[in-house]
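Student: Below you will find the structure I want to go over with you.
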Amino acid sequence: MIDIPSHIANLKSYNPGKSVEDYRAEFGFTKTAILWNNENNLGVSKKAQSRVNEALQRVNTYPDPLSTKLRQKLAKLNNVNMENTVVGNGSEAILDNIFKAFCNRGDEMLTSEGTFVAVYIWAQSNNVPVVKTSLTANFQIDLDEILNKITDKTKVIYLPNANNPTGTMISESDLKRFFEKVPNHILVVVDEAYFEYSKDLRSDYPDTSGWEKENLLTLRTFSKAYGLAGVRLGYAIGQSRIIDALDKVRNTFEPSDLTQAAGIGALEDDEFLKAGIALNSEWLPKFKNLMNELGIKQADSFANFIMIDLETEERAVEVKDELLKKGVFVRHLPAFGLPSCLRISTGTTDENEYFVEVFKDIISK
């Protein structure tokens, strides 16, 4: 019998459950609001589609292994050199590569509970122990507690900003104070998956891409504001020495030519990007006001979703199921260690209006 290492054997395979199509067949929905994956429900940039269509004509050849054109555009966008960027199959692939590139046996990752579950999975798959701190009473990442938990085994600190699934944000002043106290030999990964939304919602959002810190790695994604969740494209910005190490463990032809093309097209379509950001900036405050009117506890979100706390897991499941019966899809959060909470993305205007209507009716009963 082939021995499977315990850190792999103890992992749980990803099981997304039923799809929207499965539920539509079961309940016969005539109207839906798909608000469970923090996607951009405006669809896909036409310029990204056009670039992909062009790339389809050359899929018989290997992609550029350096992703030169895409990285040049990313470098210009973020005012850095191309050597300070690396791309991958979503930011998840880069997270996986972080553990491969920087962690030795005995090293640990330090992060918070109630955050992006994939980072725990990739750490475990690379046999890197994870030390977690608790969220504060207001669902904030507790930076002081993270500092208190640093040991000689700490190699990586993971800080999502804004955090998924709470949407809470670390301010620029707080993050700078944090860096002043973290030893330089510890890599701090700041995951800015919701960067485009966050910086539009709050003036003191810290864009770390321009911070010249040797132990900082900034993560970004095309899956949210750019509407490219299906092609899997993420990137990181950091000092060239850090980027070079990540490049060494990256798959040679990652990402694909089609993915690179989609990213290039998305970066050329400012109108599509701005439309999605504007829609979110209109509706997120409306969602927050709705919860305040209904007396429902919520985290102070600066992403493209809100997280609400319904006090008990039973109540959260009940509300989620009642919404589902009406074709409104939201995310229940037991996998994040938040069983009494639901996460609700902002969608199109029609979807958002339908959610508000159905949610108010369910809560009133």
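Student: Find the strands (runs of 3 or more DSSP E) located wholly in region 170-246 whose residues include 3 or more that are crowded, with 17+ Cβ neighbours inside 10 Å and either touching a His at 6+ places or on another chain (Cβ under 9 Å) or of a type outside the set (A, V, I, L, M, F, W, C) (or both), and list them.
Tutor: Filter on region 170-246 gives 216-221, 234-238.
Student: Shifting gears a bit: Would you please name the residue that is nearest to A236 (Cα to Cα), looking only at residues in region 63-85 that are among the β-branched types (V, I, T) and surrounded by 13 or more Cβ atoms within 10 Å (Cβ to Cβ)?
Tutor: So the residue we want is T85.
Student: Out of the residues in region 327-362 that are part of a strand (DSSP E or B) and over 21 Å from A162 (Cα atoms), state the one that is farthest from the chain's Cα centre (by Cα).
Tutor: Per the criteria, the residue is V328.
Student: Being closer than 30 Å to E26 by Cα, in a strand (DSSP E or B) and either among the charged types (D, E, K, R) or modelled with pLDDT of 95 or more (or both) is true for just one of M307, M291. Which residue is that?
Tutor: The unique qualifying residue is M307.
Student: I need the full set of residues from region 112-130 which are outside any helix (DSSP H, G or I), open to solvent by less than 60 Å² (accessible area, probe 1.4 Å) and farther than 16 Å from F102 by Cα, in order please.
Tutor: S112, G114, T115, F116
Student: Just for region 86-111: of the residues that are surrounded by fewer than 23 Cβ atoms within 10 Å (Cβ to Cβ) and among the hydrophobic types (A, V, I, L, M, F, W, C), which one is nearest to the chain's Cα centre (by Cα)?
Tutor: A93
Student: Among what's in region 17-51 and is open to solvent by 80 Å² or more (accessible area, probe 1.4 Å) and either at positive phi or part of a loop (DSSP other than H, G, I, E, B) (or both), pick the residue that is modelled with the lowest pLDDT.
Tutor: K18
Student: Which of the residues belonging to region 84-111 are in a helix (DSSP H, G or I) and farther than 18 Å from T221 by Cα?
Tutor: Within region 84-111, the subset in a helix (DSSP H, G or I) is 84, 90-102.
Matches in region 84-111: F99, K100, A101, F102.
Student: Got at least one residue in region 306-329 being open to solvent by less than 30 Å² (accessible area, probe 1.4 Å), under 30 Å from R71 (Cβ atoms) and in contact with a Gly (Cβ under 9 Å, 6 or more places away or on another chain)?
Tutor: Checking region 306-329: not a single residue is open to solvent by less than 30 Å² (accessible area, probe 1.4 Å), under 30 Å from R71 (Cβ atoms) and in contact with a Gly (Cβ under 9 Å, 6 or more places away or on another chain).
The values are calculated or read from the model by the stated rules, or taken from the named source; none is laboratory data. Computed from a predicted model, the values in this text were never measured in an experiment. Glycine gets a Cβ as well: all are built from the backbone with ideal geometry, and neighbour counts include every protein chain shown. These area figures cover heavy atoms from the full protein model, side chains too; ligands, DNA and RNA do not enter into them. Shrake-Rupley method; radii C 1.70, N 1.55, O 1.52, S 1.80 Å.
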